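Quick one: the structure is below, questions incoming.
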Amino acid sequence: MKKKINSSRITAVFVAVCWMAYSFSYIGRLNFSASMAEMTNSGVLLKSEAGAVTTGFFICYGLGQFLSGWLGDKVSPRYLVFTGLTCSSLINLAISFGPPVALMTVLWSANGLSQALLWAPICRIVSDRVQTSRRQKACTALATTMAGGTLFAYILSALLISSNGWQASFICGSVCTLAAAITWIIVTTKIEKDTEKNGIIEEAPIRIDDESGEAVPHDEIPNNFIKLLAVSGLMTLAVASGVQGILKDCMSTWVPTFISDMFEMNSVVSILTGTLLPVFGLFGPYIANRLLAKTRDELSSLFILFVISSAALSMLALFGRFSIVVSIIALAVTYACSLGQNMFIVGTIPMYFHNVGKVSMITGTLNAVSYLSTAVLSWITGALVDTAGWGIVMTLWLILSAVAAVSVIFAKRRWNKFRRNLF
């Protein structure tokens, strides 16, 4: 068993460098979506071609999560994250030269594979090194990386596009991801070496039955991974994982284009308007944490978040086309909920598998479902916008959110029963 960091100050530094590494990775991935309106308006790409490029990214990112999840439980997370950030830096630099659409699709798909090496290994290293009593706080902080990274990417891209063109946003992404890679490997290497010398061994917690006050023995945990997903309820919860990915990444990818199309704003203004989503999104994980404190149940909290996002998407579908204010509020609420959903599905819940050595694999699998779903919907969104308009897209988002809420209800009983076996 790995030794845990025996200092709240060093834990804070450790979580901060994890936060930095993942949030900076968003600058090297969302700069494409932030630049997409300018690239389509200037004739570099058609909307359908832009949809194909983002679909390539999400497919490779999603498939790469399986590899990342498997590697994350076997290879040092430090090296995986460093490799992913460095490769992403090189790819961003190549995109800045404006290659043909086919090559751009290949390169951006490779960026998806590179960035897939980040989240599952980060979850693994947090579960290895952060004490259990501090782990939920760490998960909450890390869940804000999506909003923080999105905010950085959109603001930087808007500023750079207005002065130097869309290519500058990719040069910036290259510099930021390389800086993150170097910082990551230096800081985490030092902390892990120090922890191996001065850290503590944390005993596995024992679950106490509330009624009898006696320890409940562990039942046998399935060794077969597919069976593990089935008996734990995570196979059903995968539906919710796919939908939260769509609401978090597919929707945020298309927001600048949505605002540009619906309200006839120029590219830079639409990007800056889109930054309101991650500002609201920063509150999502903390709201989710408050819900968890009230319900004491991750899936009950998750269900409430999907209900709220469904209500917001109803408002968007009914009234969004008439008011940019209504649209931004509805999108911001949905995005904030999606980050809370993400915290539970690929943050908090996988941490339960620490004692059976499956944190990275569970995280990678649920993340893979999330991004493969996003890949499909990103392509569908591009096709629907070109043929049927935004009204159909907004209705589709609403239906998916409602389906996810139902899937959580079906997964809840099996998960709560299975969770007894983990503690």
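Given the protein chains as shown and a 1.4 Å probe, how many square angstrom of Phe24 are accessible, to the nearest 10?
Phe24 has an accessible surface of roughly 60 Å² with all protein chains in place.
Shifting gears a bit: List every residue whose amide H lies under 5 Å from the amide H of Lys4, counting only residues 5 or more places away in sequence or on a different chain, with H placed 1.01 Å from N in the peptide plane.
So Lys4 has HN proximity to Ile200, Ile201, Glu202.
Also: For region 22-170, what is the relative contact order in percent, using Cα pairs closer than 8 Å and at least 6 residues apart in sequence?
Taking the mean separation of contacting Cα pairs over the length of region 22-170, I get 41 percent.
Would you report the distance distribution of C-alpha pairs in region 1-132 as whole percents per 10 angstrom bin, up to the bin with the largest distance?
Spelled out bin by bin, region 1-132 gives 12, 39, 27, 15, 6, 1 percent.
In the full protein assembly as shown, how much of Trp119 is accessible to a 1.4 Å probe, in Å² to the nearest 10?
10
Roughly how many Å² of Asp73 are accessible to a 1.4 Å probe, to the nearest 10?
Approximately 50 Å² for this residue.
What number does region 1-57 give for Rg over Rh if you use C-alpha atoms and the Kirkwood radius?
1.33
Could you state the angle between the C-alpha long axis of helix 47-72 and the longest principal axis of the C-alpha atoms of the chain, as a value from 0 to 90 degrees rounded to the nearest 10?
The helix 47-72 is inclined about 20 degrees to the chain.
Can you give me the Cα centroid spacing of region 386-421 and region 146-183 in angstrom?
Region 386-421 and region 146-183 have Cα centres separated by 32 Å.
Loop by DSSP (not H, G, I, E, B), at most 13 other beta-carbon atoms within 10 Å: where is the longest site-free stretch of the chain for GluC sites (Glu not before Pro)? Can you show the working numbers first?
Details: sites that count: Glu203, Glu211, Glu214, Glu220, Glu264.
For GluC sites (Glu not before Pro) (loop position, at most 13 other Cβ atoms within 10 Å), the longest site-free span of the chain is 1-202.
Taking only C-alpha pairs under 8 Å that are 6+ residues apart, what is the relative contact order of the chain in percent?
28
I would also like to ask the following. Below 15 angstrom from the Cβ of Gly382, what's the summed charge of the other residues (Lys, Arg +1; Asp, Glu -1)?
-3
Among Ala143, Ala388, Ala230, which one shows the highest mean-square fluctuation when the chain is modelled as a Gaussian network with alpha-carbon springs under 10 Å?
So, out of Ala143, Ala388, Ala230, the one fluctuating most is Ala388.
Taking all protein chains together and a probe of 1.4 Å, list Met315, Met351 from the most accessible to the least accessible.
Numbers: Met315 70, Met351 15 Å².
Largest accessible area first, the residues go Met315, Met351.
Let me ask something else about it. Can you sort Tyr371, Tyr79 by 1.4 Å-probe accessible area, starting with the largest? It would help to have the intermediate numbers written out before the result.
Values: Tyr371 0, Tyr79 125 Å².
So the residues, ranked largest to smallest area, are Tyr79, Tyr371.
Which of rounded, prolate or oblate describes region 334-381 when judged by the alpha-carbon gyration tensor and an a/c cut-off of 1.5?
oblate
Calculate for the chain the 222 nm mean residue ellipticity that helices alone would give, adding -39,500 (n - 2.57) per DSSP H run of length 4 or more and normalising by residue count, nearest 500 deg cm²/dmol.
Helices in the chain give a 222 nm mean residue ellipticity of -26500 deg cm²/dmol.
Rounded to the nearest 10 degrees, what's the angle between the helix 167-198 long axis and the longest principal axis of the chain, both from Cα atoms, 0 to 90?
Approximately 10 degrees, to the nearest ten.
Using a Gaussian network model of the chain whose springs link C-alpha atoms within less than 10 Å, name the residue from Gly284, Gly382, Gly69 with the highest mean-square fluctuation.
Gly382
Just how far, in whole angstrom, is region 292-365 from region 57-83 if you go by their alpha carbon centroids?
So the separation of the two Cα centres works out to 23 Å.
Of Leu396, Leu117, Leu305, which has the most accessible area with a 1.4 Å probe, and how do the rest follow in descending order?
Result, largest first: Leu396, Leu117, Leu305.
Just for the Cα atoms in the chain, what are the lengths along the principal axes, largest first, rounded to whole Å?
Largest to smallest, the principal-axis extents are 66, 46, 35 Å.
Next question. Tally up the carbon and sulfur contribution to the accessible surface of the chain as a whole percent, 1.4 Å probe, everything protein left in place.
That share works out to 66 percent.
How far, in degrees from 0 to 90, does helix 298-319 lean away from the longest principal axis of the Cα atoms of the chain, to the nearest 10?
10
Return the Rg/Rh value of region 295-336, two decimal places, where both radii are evaluated on C-alpha atoms and Rh is the Kirkwood radius.
Over the Cα atoms of region 295-336, Rg/Rh equals 1.12.
If you take the alpha carbon radius of gyration of region 329-413 and divide it by 2.2 N^0.38 Å, what ratio comes out, to two decimals? If you can, show how the numbers build up before the last one.
Working: Rg = 15.4 Å, N = 85, 2.2 N^0.38 = 11.9 Å.
Taking the Cα Rg and dividing by 2.2 N^0.38 Å, one obtains 1.29.
The values are calculated or read from the model by the stated rules, or taken from the named source; none is laboratory data. Note that the structure is a prediction, hence the values are computed from the model and not measured. All Cβ positions, even for glycine, are placed from backbone atoms using ideal geometry, and neighbour counts span all protein chains on display. Quick note on the areas: whole protein, heavy atoms, side chains included, nothing else; ligands and nucleic acids left out. Shrake-Rupley method; radii C 1.70, N 1.55, O 1.52, S 1.80 Å.
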